[in-house]
Amino acid sequence: MTSTDPEDPIADALLGDSTYERLRARRYALVSGRIPRKLAWQSAFLLALALVVPIAATYPEPVRGSFPSGDPLWSTPLVLWFGVYAGAIQIGSATCLVAVAALRCRHEPHLSESQATTLLNVEDVASMFGLVTGGFAVLLTLGFFIVGHFGAESLEAFVDATPRNPYRETAITFPVVVVGAVATACSVAVYLTSRYLEARLP
């Protein structure tokens, strides 16, 4: 890309050699920003998801007894599946963003407008799923787990107010500690990838 004014990134994109950045500067996106920045945010969401481990590990004893196994860290409550879905959304959408970035690195500055538009559409959809849908699912998961720190009575009142016990054990064993470990590992991988792409993308 031919640099113009580093203090005006929009003008730099419009006047630069990158068809992709030029089209991005002209279009509206609900989730704006370059791919490395979006990946960094997704890394933060994955790290936030991993907080289910310290949250569950520090439950008071009466709350720990509310879980079927008696050990929240090695239980698979129904509400944990929000976290599993959130993690899957983050990882899947991050993979799409990395694929878009890889295609840019490979083909720029020779991308046609139609090719760049297609890649931008994929980026926008992946960003929406990862940072909006996936981000909301992460926050919802944390909210369900934080309820336990308000005490056993508050947890029981919350369970009574829901149509189905969100803390009951599920048939598929995928415990809290495993979700936290996978989320942490993926968070590190996504963050390192974002730093790598920050240096490589035009």
Considering the stretch 29-51, residues that are closer than 16 Å to Val100 by Cα and in a helix (DSSP H, G or I), and then whichever is nearest to the chain's Cα centre (by Cα), we arrive at Gln42
Log entry, pairs with first residue in the stretch 78-100 being more than 16 Å from Val53 (Cβ to Cβ), second being open to solvent by 50 Å² or more (accessible area, probe 1.4 Å) and not in a helix (DSSP H, G or I), beta carbons closer than 6 Å, six or more apart or on different chains, reads Leu78/Arg168
Of the residues in the stretch 178-202, those that are under 24 Å from Ala57 (Cβ atoms) and open to solvent by 40 Å² or more (accessible area, probe 1.4 Å) come to Val178, Ala181, Val182, Thr184, Ala185, Val188, Ala189, Tyr191
Output yes when any residue across the stretch 106-122 is in contact with a helix residue (DSSP H, G or I) (Cβ under 9 Å, 6 or more places away or on another chain), of a type in the set (Asp, Glu), closer than 25 Å to Glu21 by Cα and surrounded by fewer than 13 Cβ atoms within 10 Å (Cβ to Cβ), and no when none is.
yes
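The values are calculated or read from the model by the stated rules, or taken from the named source; none is laboratory data. Bear in mind the structure is a predicted one, so any value in this text is a computation, not a measurement. Cβ coordinates were reconstructed from backbone atoms using ideal geometry, including for glycine residues, and neighbour counts include every protein chain displayed. Areas reflect the complete protein model, heavy atoms only, side chains present, ligands, DNA and RNA absent. Shrake-Rupley method; radii C 1.70, N 1.55, O 1.52, S 1.80 Å.
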